[in-house]
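Single-structure report; data block below.
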Amino acid sequence: MPEHIPVIAVDGPSGSGKGVVASYLATQYGYHLLDSGALYRLVGLAARKAGIELENNPDQVVLGDIAQSLDVSFTPTNDPENPLAITLNGERVEAEVRTDEAGVDASLVGAVPSVRDGLFELQRSFREAPGLVADGRDMGTVVFPQADVKIFLTASAEARAERRYNQLKHKDIGVSLHDLFQSIQARDERDRTREVSPLRPADDAFVIDSTDMDIEEVLHQVQAIVTEKLG
Ligand code: DC
(Lines give C-alpha, C1' and ligand atoms only; values in the text may rest on other atoms or scores of the structure.)
Protein backbone atom coordinates (compact mmCIF):
# COMPACT_ATOMS: atom_id res chain seq x y z
CA MET A 1 0.00 0.00 0.00
CA PRO A 2 1.36 3.46 -0.83
CA GLU A 3 2.16 5.60 2.19
CA HIS A 4 -0.65 7.95 3.21
CA ILE A 5 0.56 11.55 3.06
CA PRO A 6 -1.70 13.73 5.21
CA VAL A 7 -3.04 17.06 3.96
CA ILE A 8 -4.37 19.91 6.09
CA ALA A 9 -6.41 22.34 3.97
CA VAL A 10 -6.70 25.92 5.21
CA ASP A 11 -9.08 28.03 3.13
CA GLY A 12 -10.65 31.44 3.52
CA PRO A 13 -10.79 35.00 2.21
CA SER A 14 -7.82 37.39 2.28
CA GLY A 15 -6.97 38.80 5.69
CA SER A 16 -8.70 35.97 7.56
CA GLY A 17 -5.39 34.89 9.13
CA LYS A 18 -5.06 31.70 7.09
CA GLY A 19 -1.47 32.48 6.07
CA VAL A 20 -0.37 32.68 9.70
CA VAL A 21 -2.35 29.55 10.59
CA ALA A 22 -0.93 27.60 7.64
CA SER A 23 2.71 28.45 8.39
CA TYR A 24 2.16 27.76 12.11
CA LEU A 25 0.82 24.28 11.32
CA ALA A 26 3.58 23.57 8.78
CA THR A 27 6.23 24.41 11.38
CA GLN A 28 4.41 22.52 14.15
CA TYR A 29 4.13 19.28 12.14
CA GLY A 30 7.24 19.68 9.96
CA TYR A 31 4.99 19.56 6.86
CA HIS A 32 5.48 21.18 3.46
CA LEU A 33 3.54 24.35 2.79
CA LEU A 34 1.60 25.24 -0.35
CA ASP A 35 0.71 28.94 -0.63
CA SER A 36 -1.62 28.56 -3.61
CA GLY A 37 -2.45 32.29 -3.57
CA ALA A 38 1.22 32.95 -4.42
CA LEU A 39 0.84 30.80 -7.56
CA TYR A 40 -2.19 32.81 -8.71
CA ARG A 41 -0.30 36.02 -7.87
CA LEU A 42 2.65 34.78 -9.97
CA VAL A 43 0.40 34.02 -12.95
CA GLY A 44 -1.01 37.57 -12.66
CA LEU A 45 2.48 39.02 -12.44
CA ALA A 46 3.80 36.99 -15.38
CA ALA A 47 0.79 38.11 -17.43
CA ARG A 48 1.29 41.78 -16.52
CA LYS A 49 4.99 41.52 -17.41
CA ALA A 50 3.97 40.07 -20.79
CA GLY A 51 1.62 43.04 -21.30
CA ILE A 52 -1.55 40.94 -21.15
CA GLU A 53 -4.83 42.66 -20.38
CA LEU A 54 -6.52 41.11 -17.31
CA GLU A 55 -9.61 43.22 -16.77
CA ASN A 56 -11.90 42.64 -19.73
CA ASN A 57 -12.32 39.19 -21.18
CA PRO A 58 -8.69 38.12 -20.80
CA ASP A 59 -7.29 35.66 -23.32
CA GLN A 60 -7.99 32.26 -21.75
CA VAL A 61 -5.57 30.33 -23.95
CA VAL A 62 -2.61 32.63 -23.32
CA LEU A 63 -3.29 32.76 -19.57
CA GLY A 64 -3.70 28.98 -19.44
CA ASP A 65 -0.31 28.58 -21.14
CA ILE A 66 1.31 30.94 -18.63
CA ALA A 67 -0.15 28.93 -15.72
CA GLN A 68 0.89 25.61 -17.24
CA SER A 69 4.49 26.65 -17.87
CA LEU A 70 5.07 28.81 -14.79
CA ASP A 71 8.82 28.87 -14.04
CA VAL A 72 8.87 29.55 -10.30
CA SER A 73 10.81 28.60 -7.19
CA PHE A 74 10.11 28.98 -3.47
CA THR A 75 13.19 28.83 -1.23
CA PRO A 76 13.21 29.40 2.56
CA THR A 77 15.69 32.07 3.69
CA ASN A 78 17.22 32.80 7.09
CA ASP A 79 15.74 36.30 7.06
CA PRO A 80 12.72 36.54 9.43
CA GLU A 81 11.54 39.71 7.62
CA ASN A 82 11.51 37.85 4.31
CA PRO A 83 11.26 34.13 5.10
CA LEU A 84 10.62 32.92 1.54
CA ALA A 85 12.53 33.80 -1.62
CA ILE A 86 10.24 33.58 -4.67
CA THR A 87 11.55 33.67 -8.23
CA LEU A 88 9.67 34.02 -11.50
CA ASN A 89 11.77 33.14 -14.57
CA GLY A 90 14.87 33.41 -12.38
CA GLU A 91 14.03 36.90 -11.08
CA ARG A 92 13.35 37.59 -7.36
CA VAL A 93 9.75 38.79 -7.04
CA GLU A 94 8.60 38.25 -3.44
CA ALA A 95 8.06 41.98 -2.81
CA GLU A 96 6.08 42.38 -6.05
CA VAL A 97 3.80 39.37 -5.48
CA ARG A 98 2.76 40.51 -2.00
CA THR A 99 1.29 43.87 -3.01
CA ASP A 100 -2.48 44.49 -2.91
CA GLU A 101 -2.40 45.09 -6.69
CA ALA A 102 -0.91 41.61 -7.19
CA GLY A 103 -3.73 40.24 -5.00
CA VAL A 104 -6.34 41.85 -7.23
CA ASP A 105 -4.60 40.51 -10.38
CA ALA A 106 -4.49 37.06 -8.78
CA SER A 107 -8.22 37.24 -8.16
CA LEU A 108 -8.79 38.24 -11.81
CA VAL A 109 -6.73 35.35 -13.21
CA GLY A 110 -8.20 33.01 -10.58
CA ALA A 111 -11.60 33.40 -12.25
CA VAL A 112 -10.22 32.03 -15.54
CA PRO A 113 -10.87 28.26 -15.86
CA SER A 114 -7.75 27.56 -17.97
CA VAL A 115 -5.58 29.11 -15.24
CA ARG A 116 -7.16 26.92 -12.55
CA ASP A 117 -6.66 23.84 -14.76
CA GLY A 118 -3.09 24.90 -15.55
CA LEU A 119 -2.19 25.15 -11.85
CA PHE A 120 -3.99 22.01 -10.71
CA GLU A 121 -1.19 19.44 -11.11
CA LEU A 122 1.47 21.84 -9.84
CA GLN A 123 -0.54 22.32 -6.63
CA ARG A 124 -1.08 18.56 -6.23
CA SER A 125 2.67 17.99 -6.62
CA PHE A 126 3.33 19.80 -3.33
CA ARG A 127 1.87 16.79 -1.50
CA GLU A 128 5.02 15.07 -0.32
CA ALA A 129 5.97 13.16 2.84
CA PRO A 130 5.69 13.76 5.72
CA GLY A 131 2.62 15.91 4.90
CA LEU A 132 1.26 19.12 3.46
CA VAL A 133 -0.49 22.23 4.71
CA ALA A 134 -2.32 23.77 1.74
CA ASP A 135 -3.45 27.40 2.00
CA GLY A 136 -5.95 28.87 -0.47
CA ARG A 137 -9.57 29.23 -1.52
CA ASP A 138 -10.40 25.78 -2.93
CA MET A 139 -7.91 23.46 -1.20
CA GLY A 140 -10.60 21.52 0.69
CA THR A 141 -13.20 21.63 -2.09
CA VAL A 142 -11.31 21.04 -5.36
CA VAL A 143 -7.55 20.52 -5.14
CA PHE A 144 -7.48 18.20 -2.08
CA PRO A 145 -11.10 17.09 -1.57
CA GLN A 146 -9.80 14.10 0.46
CA ALA A 147 -7.77 16.30 2.85
CA ASP A 148 -7.45 14.82 6.35
CA VAL A 149 -8.38 18.10 8.04
CA LYS A 150 -10.20 21.06 6.49
CA ILE A 151 -10.26 24.44 8.16
CA PHE A 152 -12.15 27.42 6.79
CA LEU A 153 -11.15 30.70 8.38
CA THR A 154 -13.29 33.74 7.98
CA ALA A 155 -13.80 37.21 9.49
CA SER A 156 -15.95 40.23 8.66
CA ALA A 157 -14.69 42.40 5.79
CA GLU A 158 -14.41 45.32 8.26
CA ALA A 159 -12.13 43.34 10.58
CA ARG A 160 -9.98 42.13 7.68
CA ALA A 161 -9.63 45.64 6.22
CA GLU A 162 -8.61 46.95 9.63
CA ARG A 163 -5.96 44.21 10.03
CA ARG A 164 -4.51 45.01 6.62
CA TYR A 165 -4.61 48.74 7.42
CA ASN A 166 -2.63 48.20 10.63
CA GLN A 167 -0.09 45.98 8.82
CA LEU A 168 0.51 48.65 6.17
CA LYS A 169 0.62 51.46 8.76
CA HIS A 170 3.28 49.48 10.62
CA LYS A 171 5.32 49.48 7.39
CA ASP A 172 4.71 53.25 6.97
CA ILE A 173 2.67 52.64 3.82
CA GLY A 174 -0.16 55.19 3.65
CA VAL A 175 -3.56 53.88 2.51
CA SER A 176 -7.16 54.72 3.35
CA LEU A 177 -9.14 52.25 5.45
CA HIS A 178 -12.18 52.91 3.28
CA ASP A 179 -10.29 52.08 0.04
CA LEU A 180 -8.97 48.87 1.61
CA PHE A 181 -12.45 47.87 2.74
CA GLN A 182 -13.86 48.44 -0.75
CA SER A 183 -11.04 46.52 -2.41
CA ILE A 184 -11.49 43.57 0.00
CA GLN A 185 -15.23 43.53 -0.64
CA ALA A 186 -14.75 43.57 -4.41
CA ARG A 187 -12.18 40.75 -4.24
CA ASP A 188 -14.45 38.67 -1.94
CA GLU A 189 -17.34 39.14 -4.30
CA ARG A 190 -15.31 38.00 -7.31
CA ASP A 191 -13.79 35.00 -5.46
CA ARG A 192 -17.18 33.89 -4.07
CA THR A 193 -19.27 34.26 -7.19
CA ARG A 194 -16.96 32.96 -9.91
CA GLU A 195 -18.18 29.90 -11.78
CA VAL A 196 -15.10 27.75 -11.23
CA SER A 197 -13.97 26.73 -7.74
CA PRO A 198 -15.67 29.59 -5.88
CA LEU A 199 -14.54 30.44 -2.37
CA ARG A 200 -16.73 28.43 0.00
CA PRO A 201 -16.22 26.08 2.93
CA ALA A 202 -16.19 22.34 2.14
CA ASP A 203 -19.16 20.54 3.69
CA ASP A 204 -16.78 18.78 6.09
CA ALA A 205 -14.70 21.87 6.97
CA PHE A 206 -14.37 23.31 10.47
CA VAL A 207 -15.40 26.96 10.11
CA ILE A 208 -13.72 29.47 12.42
CA ASP A 209 -14.90 33.09 12.46
CA SER A 210 -11.98 35.13 13.75
CA THR A 211 -13.72 38.54 13.69
CA ASP A 212 -13.53 38.94 17.47
CA MET A 213 -10.54 36.70 18.13
CA ASP A 214 -6.85 37.49 18.36
CA ILE A 215 -4.38 35.28 16.50
CA GLU A 216 -3.42 33.32 19.65
CA GLU A 217 -7.05 32.28 20.16
CA VAL A 218 -7.34 31.25 16.51
CA LEU A 219 -4.15 29.16 16.70
CA HIS A 220 -5.40 27.55 19.90
CA GLN A 221 -8.69 26.49 18.27
CA VAL A 222 -6.95 25.29 15.11
CA GLN A 223 -4.45 23.28 17.12
CA ALA A 224 -7.27 21.57 19.05
CA ILE A 225 -9.01 20.60 15.79
CA VAL A 226 -5.87 19.29 14.11
CA THR A 227 -4.75 17.38 17.20
CA GLU A 228 -8.11 15.67 17.42
CA LYS A 229 -7.98 14.67 13.74
CA LEU A 230 -4.29 13.80 13.33
CA GLY A 231 -3.14 13.19 16.88
O1 DC B 1 -4.45 34.14 -0.62
P2 DC B 1 -4.08 35.34 -1.49
O3 DC B 1 -4.56 36.66 -0.95
O4 DC B 1 -2.61 35.37 -1.81
O5 DC B 1 -4.85 35.10 -2.89
C6 DC B 1 -4.87 36.07 -3.91
C7 DC B 1 -6.00 35.79 -4.88
O8 DC B 1 -5.70 34.60 -5.61
C9 DC B 1 -7.38 35.56 -4.29
O10 DC B 1 -8.12 36.77 -4.13
C11 DC B 1 -8.05 34.64 -5.29
C12 DC B 1 -6.89 33.88 -5.92
N13 DC B 1 -6.77 32.51 -5.39
C14 DC B 1 -7.61 31.55 -5.94
O15 DC B 1 -8.43 31.87 -6.79
N16 DC B 1 -7.51 30.25 -5.52
C17 DC B 1 -6.61 29.89 -4.57
N18 DC B 1 -6.53 28.62 -4.20
C19 DC B 1 -5.77 30.87 -3.98
C20 DC B 1 -5.88 32.18 -4.41
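The values are calculated or read from the model by the stated rules, or taken from the named source; none is laboratory data. What you see is a predicted model, and the numbers here were worked out from it, not measured in a lab. All Cβ positions, glycine included, derive from the backbone under ideal geometry; neighbour counts span all protein chains shown. The area values use the complete protein model at the heavy-atom level, side chains included, leaving out ligands, DNA and RNA. Shrake-Rupley method; radii C 1.70, N 1.55, O 1.52, S 1.80 Å.
Note on Arg92/Glu189: beta-carbon distance plugged into 1/(1 + (r/R0)^6) with R0 of 41 Å gives a FRET efficiency of 0.80. Annotation: amide H of Asp209 within the under-5 Å range of Thr154, sequence separation 5 or more or interchain, hydrogens built in the peptide plane.
Applying both filters, DSSP loop and at most 10 other Cβ atoms within 10 Å, to the GluC sites (Glu not before Pro) of the stretch 158-231 gives Glu195. Each Lys and Arg Cβ is given +1 and each Asp and Glu Cβ -1; about its Cα centre, the stretch 78-163 then shows a dipole of about 380 debye. Run the numbers on the chain and let me know its relative contact order in percent, using alpha-carbon pairs under 8 Å that are six or more apart. Dividing the mean separation by the residue count of the chain yields 32 percent. For the stretch 1-140, taking the reciprocal of the average inverse distance between every pair of different Cα atoms yields a Kirkwood hydrodynamic radius of 15.6 Å.
Centre-to-centre separation between the Cα atoms of the stretch 82-115 and those of the stretch 1-33: 19 Å. Dividing the Cα radius of gyration of the stretch 78-138 by 2.2 N^0.38 Å, with N the residue count, gives 1.30. Label-to-label distance, Asp117 versus Asp212, with points set 7 angstrom from Cα along the beta-carbon direction: 4.6 nm.
Only one residue of Ile173, Pro58, Ala157 has its Cα farthest out toward the positive end of the dipole of the stretch 53-192, where Lys and Arg carry +1 and Asp and Glu -1 on Cβ, and that residue is Ala157.
Placing unit charges on C-beta atoms (Lys and Arg positive, Asp and Glu negative, everything else neutral), compute the dipole magnitude of the chain about its Cα centre in debye, rounded to 20.
Dipole size: approximately 100 debye.
Charge dipole of the stretch 120-207 (Cα centre as origin; +1 on each Lys and Arg Cβ, -1 on each Asp and Glu Cβ, all else neutral): 200 debye, rounded to the nearest 20. Return the whole-Å distance between the Cα centroid of the stretch 155-176 and the Cα centroid of the stretch 192-219. Here the answer is 19 Å between Cα centres.
Quick one: with all protein chains in place, what share of the accessible area of the stretch 141-231 is carbon or sulfur, to the nearest percent (1.4 Å probe)?
Using a 1.4 Å probe with all protein chains present, the stretch 141-231 comes out at 48 percent carbon and sulfur.
With both partners inside the stretch 1-146, how many of the DSSP beta bridges are antiparallel, as a percent to the nearest 5? Bridges in the stretch 1-146 are about 45 percent antiparallel. Among the listed pairs Lys18/Lys169; Lys18/Lys49; Lys18/Lys229, those whose Cα-Cα separation exceeds 25 Å are Lys18/Lys49. Mean residue ellipticity at 222 nm, helices only, the chain: -14500 deg cm²/dmol; runs of at least 4 DSSP H residues each add -39,500 (n - 2.57), and the sum is divided by the number of residues.
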